[in-house]
Amino acid sequence: MINLSEIFLSIQGETSFSGYPCIFIRFAGCNLNCSYCDTNYARKTEFQLNTCEIIKKIENYQPVKLCSITGGEPLLQTEVYSLLEDLHQLDYQILLETNGSLKLDRVPQYVHKIVDIKCPGSGNENSFLKSNLGYINTDWDEIKFVISSLSDYEWAVKFMESMQLMGHHILFSPVINELEPCKLAEWILSDKLKVRMQLQMHKQIWTDRDRGI
């Protein structure tokens, strides 16, 4: 059985898939405690389903075939791998959002990974496993930095340079209510960084809701 927080259909608000209808399967539980976490509720298990039950539930959202496995931290539960395989067999396009602290070696190549590298403002800047860079496909996987301050921004740029990440698909996202988007945009433009700045579209659409978006 898989410990879950919620399953819902929404607009994908982040990543290069932003704007598309997407099925979200939110796993419960996380091994980190980021200062800016906006899904603290996902630490608690709301319900449990096996992979067959999950598939049956998301079939209600056909013909949508874009599916995001998120959390919490999905890789804490080994059952995630059988779910990935089942979704793949049913021709779902799979996004996996992971905090970068757990090994990615078992994640299949057909999965589109969105991997966090935590900046100091998160309180978990040492959580990223650098060996995971060997499992990130530069053609389609994405690396995300959530930025809360100028020092976070400078740390992220330095990390990118030291780890030679300039050829990867990089996402920079400002922490809501901590960093004004215009400031992050100005820093990116000043340094002429080849990164994708993103805002959380779903939170701009549904300003009165915190869950199920």
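The values are calculated or read from the model by the stated rules, or taken from the named source; none is laboratory data. It should be emphasised that the depicted structure is a prediction, and the values quoted were computed from it without experimental measurement. In this analysis, Cβ positions are derived from the backbone assuming ideal geometry, glycine residues included, and neighbour counts consider all displayed protein chains. Just the protein is used for accessible areas: all its heavy atoms, side chains included, with ligands, DNA and RNA removed. Shrake-Rupley method; radii C 1.70, N 1.55, O 1.52, S 1.80 Å.
Data overview
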{"quantity": "Pick from the stretch 114-165, criterion open to solvent by less than 40 Å² (accessible area, probe 1.4 Å) and among the hydroxyl-bearing types (S, T, Y), ranking: nearest to C34 (Cα to Cα)", "calculated": "S122"}
{"quantity": "Residue among E161, E154, E178, E186 that alone is more than 21 Å from G72 (Cα to Cα) and in contact with a Gly (Cβ under 8 Å, 6 or more places away or on another chain)", "calculated": "E178"}
{"quantity": "3 or more residues without any contact (Cβ under 8 Å) to a residue 60 or more places away in the chain: qualifying helices (runs of 4 or more DSSP H) within the stretch 108-213", "calculated": "150-162, 181-191"}
{"quantity": "Answer residue from the stretch 92-138, given it is closer than 19 Å to E79 by Cα and among the acidic types (D, E) and is farthest from the chain's Cα centre (by Cα) among those", "calculated": "D105"}
